[in-house]
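Below is one structure, written out as structure tokens; comments come after it.
The values are calculated or read from the model by the stated rules, or taken from the named source; none is laboratory data. Since we're looking at a predicted model, the values are computed, not measured. Here the Cβ is made from the backbone with ideal geometry for all residues, glycine too, and neighbour counts use every protein chain on show. In case anyone asks, the SASA skips ligands and DNA or RNA and just uses the protein heavy atoms, side chains included. Shrake-Rupley method; radii C 1.70, N 1.55, O 1.52, S 1.80 Å.
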Amino acid sequence: MLSFEEARQRVIEAFSPLASESVPIGQALGRVLAEDVTAQLTMPRKDVSAMDGYAVRAADIQTFPCKLIIIGELAAGTTQEFEVGPGQCTRIFTGAPLPVGTDTILIQENAKRDGDNVQVLESCSLGRYVRKAGLDFSEGNTLATRGQRLSVRDLAVIAAGNNPTVSVHRRPRVAILSTGDEIVEPGAPMHGNQIVSSNSITLTAMVEAAGAEAINLGIAQDNRESLAAAFRKGLEADLLVTTGGASVGEHDLVKPVLAEFGLELDFWKIAMRPGKPLIFGAVDGTGILGLPGNPVSSYVCGLLFMIPAINAMMGINDHELPLEPAILGDDIPANDQRLEFMRARTSRDKDGQLVATPFSKQDSSMLSRLAAAGCLILRPAHGPAMSKGDGVQVLTLN
């Protein structure tokens, strides 16, 4: 069996960033930049007031008592201009540009106005409460870089830099197909020993949360005709993800039917738990990821393989697993030849250290355990037995 590390690397390397497109800045949340974004102007464009008060010359307010003559008023966005001489000032409001000759803001709390005069109640240092031109950024400065996923804060600074659009990678189209005679959609009539399918709901949500476009193909039955019809639709996407039918049973038809479409198989079966029977390959440029049918296995493999594939197509270059240290909250036995991702509850000890307490049962059908888990404990293949309080690496679940 292929190691988890090599299998994951092969999946990542098989995908390249998709073509770029220009989108309005208001529609770019979560998208990944195909090009750097630079400021189209300087911000602020001129020296401006950071407070309501009076624009003064610092040299005029160092000796008490003193009064200044008010020669005008400036508000944010004004086009009016003044030139302030010795002993003069202007009334000014937050965001307004400083008039020529001034260098400091006397805040209104430290002044007392009397008609066209203002009495200075407290001195202030040169440049106080002035936002200098370019304080935030200057024209040509890089505001966001290629390969960066855009957050709300990124959108704010890009918009402030006078960029109405950004160049981003096209969103990958990911087709999701559940397979099996034994599964039905939530709310559908059930008979015999059928069960409700959750995999397509789970994977579709994961795809959309990753910023890609999900295409839910529903459920295909365990026969060649049903699978082939679904594959024809799914192969129009950038990535086709199937769940179930990937093992070695007589009803596991995903791999043989895909072979009829020209599947170029990269690997099948990896040394990890949960998720051993995983198919990866391609058909005419469409990536194929065949996940196990057990819901926990499907989720874990989606997290560890499908999401990196989506990220690679979106132009994200950082594919390191975001592992963090924790201590065990309970004993665990020695591990076998497969790397294991154990579901565990999380808490903090009295010192604030992360504690991961594995569930006693790790059956890959138990979604209640997955929903209650705060992390996955990574257990190396052939890892020794470990005791409560030992250090481990964990992957936090959102």
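Highest GNM mean-square fluctuation, the chain, Cα pairs closer than 10 Å: which of G329, G127, G352?
Sorting by GNM fluctuation, first place goes to G352.
Along the Cα-to-Cβ line of S151, 7 Å from the Cα, sits a label point; which residues in the stretch 11-30 have backbone N less than 20 Å from it?
25-30
Under 10 Å, Cα contacts only: if you run a Gaussian network model on the chain, which one of D36, D114, D103 comes out with the highest mean-square fluctuation?
Of the options given, D114 has the highest mean-square fluctuation.
Under the classification rounded if a/c is under 1.5, otherwise prolate if a/b is larger than b/c and oblate if not, where does the stretch 350-398 fall, given a ≥ b ≥ c as square roots of the Cα gyration tensor eigenvalues? Numbers along the way, then the final one.
On the way: a/c = 1.89, a/b = 1.19, b/c = 1.59.
It comes out oblate by the Cα gyration axes.
Describe numerically, in nm with one decimal, the distance between label points set 7 Å from Cα along Cα→Cβ at D284 and at Q108.
7.0 nm
Report the relative contact order of the stretch 1-158, percent, no decimals, based on alpha-carbon pairs under 8 angstrom and at least 6 residues apart.
After rounding, I find 35 percent.
Which percent, nearest 5, of DSSP beta bridges in the chain are antiparallel?
That works out to approximately 65 percent antiparallel.
Work through the residues other than V257 whose Cβ is under 13 Å from its Cβ and net out their charges, Lys, Arg +1 and Asp, Glu -1. Don't skip to the end; give the middle numbers.
Working: positive: R224, R232, K255; negative: D222, E225, D252, E260.
Residues near V257 contribute -1 overall.
Given H placed 1.01 Å from N in the peptide plane, which residues other than close sequence neighbours of G374 have an amide H under 5 Å from its amide H?
Here the answer is A344, R345, T346, since their amide H atoms fall under 5 Å of that of G374.
Comparing L121, L227, L258, which has the greatest mean-square fluctuation in the GNM of the chain with Cα pairs linked when under 10 Å apart?
Answer for the Gaussian network model of the chain: L121.
To the nearest 10 degrees, how steeply does helix 224-234 sit against the main Cα axis of the chain, on a 0 to 90 scale?
Its long axis makes an angle of about 20 degrees.
Filter the cross-link list K269/K361; K67/K132; K276/K388; K233/K255; K255/K276; K255/K361 down to pairs whose alpha-carbon distance in this structure exceeds 21 Å.
Flagged as over cut-off: K269/K361; K67/K132; K276/K388; K255/K361.
Which of the GluC sites (Glu not before Pro) found in the stretch 74-141 are loop residues per DSSP with 15 or fewer other Cβ atoms within 10 Å of their Cβ?
Those that pass, being in a loop and sparsely packed, are E81, E122, E139.
If you wrap the stretch 73-229's Cα atoms in a convex hull and average its projection over all directions, what's the area in nm²? If you can, show how the numbers build up before the last one.
Details: hull surface 72.3 nm².
The orientation-averaged projected area of the Cα hull of the stretch 73-229 comes to 18.1 nm².
Given a cut-off of under 8 Å on Cα pairs at least six residues apart, what relative contact order in percent is computed for the chain?
16 percent
Rounded to the nearest percent, how much of the accessible area of the chain (1.4 Å probe, protein heavy atoms only) is carbon and sulfur?
Of the solvent-accessible surface of the chain, carbon and sulfur hold 48 percent.
Need the C-alpha centroid separation for the stretch 318-367 versus the stretch 120-175, integer Å.
First find each Cα centre; the distance between them is then 39 Å.
Over the alpha carbons of the stretch 43-121, what is the largest minus smallest coordinate on each principal axis, giving the biggest first in Å?
Extents along the principal axes: 36, 22, 20 Å.
Can you tell me which aspartates and glutamates have their Cα less than 14 Å from the Cα of K46? Leave out same-chain residues fewer than eight positions away.
Leaving aside aspartates and glutamates fewer than 8 places away in the same chain, those within reach of K46 are E81, D103, D136, E139.
Send over the Kirkwood Rh of the chain, from the inverse of the averaged 1/r over different Cα pairs, rounded to one decimal Å. Before the final figure, lay out each step's value.
Working: mean 1/r = 0.0390 Å⁻¹.
Hydrodynamic radius (Kirkwood, Cα pairs) of the chain is 25.6 Å.
What does the accessible area per residue of the chain come to in Å², with a 1.4 Å probe and no ligands, DNA or RNA counted?
49 Å²
Based only on Cα atoms, what Rg/Rh ratio does the stretch 182-295 have, Rh being taken as Kirkwood's radius?
Using only Cα positions, Rg/Rh for the stretch 182-295 is 0.94.
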